[in-house]
Amino acid sequence: MKFVLITGANRGIGFELTKQCLSLGHTVIATMRSTLKNELFSNLPNSQNLILETLDVNSCESVSTLFSKVRSYNLKIDWIFNNAGIIDWSSIHEVDAESFRDIYETNVIGAFRVLRGAIKVMNGNNNSLIINLSSRLGSIHLRGETQLGGAIAYQCSKASLNMLTKQASIDLAEHGIKVISVSPGWVRTDMGGSDAKYEVEESVKLLLAQINQLPKNSNGIFLGEDGNEIPW
């Protein structure tokens, strides 16, 4: 049984991660900008193991408050899913600078705030894992090798998130914390759209299976939902 913290847990992949982690017997701290709609979580399995907390990853104060609460629970976290994220599908010709800035604020700086704030509340036993939810759209190597285009700000943000993963995996190794990026695949969510390959349940099931069977020395990698490493 693990203690798991999930950001952006009120919908899509974050909500399904919460559901499936509870089903596996883990204790989950599910975070979101507002917990007013907590009826969403009322029928989840093992709900006695669920803790709902407010978190705005764009706010240093909010992140600090969250981890102060975690310390007060006297919990040590095993897994963190940096899942909160936003997208703008606009191409390089259409996107505006303000949208670019907003996407970086949430997808990169928000993830950084959570990652750094979590260091002192993680187990630090070399099984502690921070999982940054990335995307194949963030692979520099794959650009031009697929038909995927547009979403320039999102693509750049995920490439930057991957760099955060790689460097943090080096910097946090001395704390017994591993950091990886994972791509959940193309998923039918509000962000992914209705034409995507995976239903949310299937994507999360695959993702958790890969995390559960990670070799002990896995650190600083970019992993797909199929278990194959994605080139940076």
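The values are calculated or read from the model by the stated rules, or taken from the named source; none is laboratory data. These figures come from a predicted structure and were not determined experimentally. Ideal geometry is used to build each Cβ from the backbone, glycine not excepted, and the neighbour counts take in all protein chains shown.
Yes/no per residue for (1) in a helix (DSSP H, G or I); (2) at pLDDT below 90:
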{"residue": "170", "(1), (2)": "yes, no"}
{"residue": "181", "(1), (2)": "no, no"}
{"residue": "196", "(1), (2)": "no, yes"}
{"residue": "205", "(1), (2)": "yes, no"}
{"residue": "208", "(1), (2)": "yes, no"}
{"residue": "217", "(1), (2)": "no, yes"}
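Test residue 38 against the criterion of being more than 23 Å from residue 112 (Cα to Cα), over 15 Å from the mean Cα position of the chain (by Cα) and without any contact (Cβ under 8 Å) to a residue 12 or more places away in the chain, and give yes or no.
Answer is no for this residue.
How many residues does region 203-226 contain that are surrounded by fewer than 16 Cβ atoms within 10 Å (Cβ to Cβ), free of Cβ contacts under 8 Å to residues at least 60 places away in the same chain and out of contact with any Leu (no Cβ under 8 Å at 6 or more places or on another chain)?
5
With the checklist (1) over 20 Å from residue 12 (Cβ atoms); (2) of a type in the set (Phe, Trp, Tyr); (3) buried (at least 16 other Cβ atoms within 10 Å of the Cβ) in hand, flag the one item residue 79 doesn't pass.
Just one mismatch for residue 79, condition (1).
So, residue 27, is that one modelled with pLDDT of 95 or more and surrounded by 24 or more Cβ atoms within 10 Å (Cβ to Cβ) or not?
Considered against the rule, which asks whether it is modelled with pLDDT of 95 or more and surrounded by 24 or more Cβ atoms within 10 Å (Cβ to Cβ), residue 27 comes out as no.
Kindly establish whether residue 159 is modelled with pLDDT of 95 or more, surrounded by fewer than 24 Cβ atoms within 10 Å (Cβ to Cβ) and under 22 Å from residue 226 (Cα atoms).
yes
Only residues that are of a type outside the set (D, E, K, R) and under 16 Å from residue 77 (Cα atoms): list them for region 1-23, please.
1, 3, 4, 5, 6, 7, 17, 18, 21, 22
Name the pairs whose Cβ atoms lie under 8 Å apart, with the first residue in region 67-95 and in contact (Cβ under 8 Å) with a residue 12 or more places away in the chain, the second assigned to a loop (DSSP other than H, G, I, E, B) and charged (D, E, K, R), and 6 or more positions between them or separate chains?
Partner pairs satisfying both residue conditions: 78/2; 79/2; 90/96; 95/88.
Take residue 99 and decide whether it is closer than 23 Å to residue 178 by Cα, more than 18 Å from the chain's Cα centre (by Cα) and either at pLDDT 95 or above or not in a loop (DSSP other than H, G, I, E, B) (or both).
Criteria not met by residue 99.
Among the numbered criteria (1) crowded, with 21+ Cβ neighbours inside 10 Å; (2) not in a helix (DSSP H, G or I), which one does residue 52 miss?
(1)
Say we look at region 55-88 and pick out the residues that are in a strand (DSSP E or B) and in contact with a helix residue (DSSP H, G or I) (Cβ under 7 Å, 6 or more places away or on another chain); which of these is modelled with the lowest pLDDT?
Only one residue tops the list, namely 77.
Going through region 11-49 one residue at a time, which ones are in a helix (DSSP H, G or I) and not polar (S, T, N, Q)?
Residues satisfying the conditions are 12, 13, 14, 15, 16, 17, 19, 21, 22, 39, 40, 41.
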